[in-house]
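To keep things clear, I will list the structure first and then write my remarks on it.
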Amino acid sequence: MSADDNSGQPDSPVQSGARTPTAATATFASGLRKLLILVALLLVAVLVVVLWPQPPLVTNLIGHRKGVNDITFSSDGSLVATASDDGTIRLWSVDGDLLKTITGHSERVSVVRFTPDDQKILSASGKGKMRVWDVETGIETMSLAGHDKSVGDMAFSSDGRQVASVAWDQTIKVWDFFTGQALHTIDCSAVQECCVFTPDGKRLITGGTDHVIRLWDLATRQHTTWEGHWGAVKALDISVDGDTVVSCSGDWTVRLWSLRDDAMLHIFRHTDKILGVTFSEDGLFVSACSKDGSVLTYDVLQRSNTAHFRTDLNSAVKVDAGRDGRFGVCGYPALACLWNLNHEPKLPEVSVEADVQDEPGLTEVSEGPQQVDEFEARP
């Protein structure tokens, strides 16, 4: 048969670039499958928001004109103090009523703390000046001068006789709070951003921008180190029994440490930088706040996440615990919030052995301050 004999045959149904019914069906099925997956993910997200335990909001503390850098409860739980970039310290009731505004600072206020007897407030500024205020009158009673850069954190010893401060001038200072005299000045190879005393007041624990936690013997000024964080250590707290330390970091983790065993106990992980952390009053829970504006709470004994919720903050920078399950969070924009965990903790029988076995070299003993590579640090 000649080639011309095919001229009368119909064209092939498969043309170049055309889709067969089978290909079209496969494309539709693939698109439908992706849509179903997206819907399922959205449904899961909604269920997490709706069903995840979320403590009730007590109140928002509204009044500061700029970002709120710190929040702290009085030891009896009746008062809340906040410090702000607007240069003021504000005292609030735990119901959210503004009681007093202290305006003595001429620059941003970076840290605020109640004395253990709740009679005075200690504040620190972005230029390193530390001031003492009478809670009742709001009048300045004393100042502590020594730091020449922003103070990152302050902590009182349990008896209230000593107060420690860490600043961006790479120094640690321990003061006699009654006289205002500096007892110790320790030069560090890296900025220390946070500090807390052990209950006996003999040791000070600090966390640095070099990712290292240091445990200082104040009598000898020697220290040991805890290593494990991969980012700057942003905050520290110690449990009421003095056995456990909690730390948080820019490496997106919250970590528990044993003072008795000198080792890491557990790691809680998040999806953004953790900037603040605190133990609950009973030491059974940890609350942490994140750069993403969320708050997380963890059960210390069960090693589990008990709540994860959003606040009205774009970035949450500090958190502190009060009485009866209350805790406060502050940050940016100009806002602080009070929440209530309302937990009734049970005491399960669980092992407290270290469950971090894949990160060697967590504890290192030093005969003196360790040298690390220096770098430019800005508050």
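The values are calculated or read from the model by the stated rules, or taken from the named source; none is laboratory data. The structure presented is a predicted model; accordingly, all values stated were derived computationally and were not measured. Cβ: placed from backbone, ideal geometry, glycine included. Neighbour counts: every protein chain shown.
Brief remarks follow.
- Filtered by the rule that a residue be among the β-branched types (V, I, T) and part of a strand (DSSP E or B), the stretch 224-277 gives T224, T225, V233, I238, T244, V245, V246, T253, V254, I267, I274, V277.
- When restricted to residues that are assigned to a loop (DSSP other than H, G, I, E, B) and either within 26 Å of the chain's Cα centre (by Cα) or outside the structural domain of A334 (by TED's automatic domain parsing) (or both), the stretch 100-125 contains 7.
- Residues (touching a residue at least 60 places away in the same chain (Cβ under 8 Å) and assigned to a strand (DSSP E or B)) located in the stretch 72-91: T72, F73, V80, T82, S84
- Any hit, the stretch 78-86, residues being modelled with pLDDT under 95 and buried (at least 19 other Cβ atoms within 10 Å of the Cβ): no
- Of the residues making up the stretch 92-131, those that are free of Cβ contacts under 8 Å to residues at least 24 places away in the same chain and more than 15 Å from D70 (Cα to Cα) are S93, D97, L99, T103, S106, Q119, K120, K127.
- Some residue of the stretch 252-261 being under 21 Å from S158 (Cβ atoms), in the same structural domain as W133 (by TED's automatic domain parsing) and in contact (Cβ under 8 Å) with a residue 60 or more places away in the chain: yes
- Of all residues in the stretch 142-150, none satisfies being surrounded by 16 or more Cβ atoms within 10 Å (Cβ to Cβ), not hydrophobic (A, V, I, L, M, F, W, C) and not in a loop (DSSP other than H, G, I, E, B).
- Top-ranked residue of the stretch 187-211 - restricted to ones that are free of Cβ contacts under 8 Å to residues at least 60 places away in the same chain, over 8 Å from V166 (Cβ atoms) and among the hydrophobic types (A, V, I, L, M, F, W, C), ranked as surrounded by the fewest Cβ atoms within 10 Å (Cβ to Cβ): V196
- As for the stretch 170-177, it holds at least one residue that is assigned to a loop (DSSP other than H, G, I, E, B), assigned by TED's automatic domain parsing to the domain that holds R90 and closer than 24 Å to V317 by Cα.
- Against the conditions (1) more than 26 Å from A321 (Cβ to Cβ); (2) of a type outside the set (D, E, K, R); (3) at pLDDT 95 or above, L236 satisfies every one except (1).
- Residue list for the stretch 306-322, restricted to those being assigned to a loop (DSSP other than H, G, I, E, B) and surrounded by fewer than 18 Cβ atoms within 10 Å (Cβ to Cβ): D312, N314
- One residue from W168, W175 being at pLDDT 95 or above, in contact with a Pro (Cβ under 7 Å, 6 or more places away or on another chain) and surrounded by 21 or more Cβ atoms within 10 Å (Cβ to Cβ): W168
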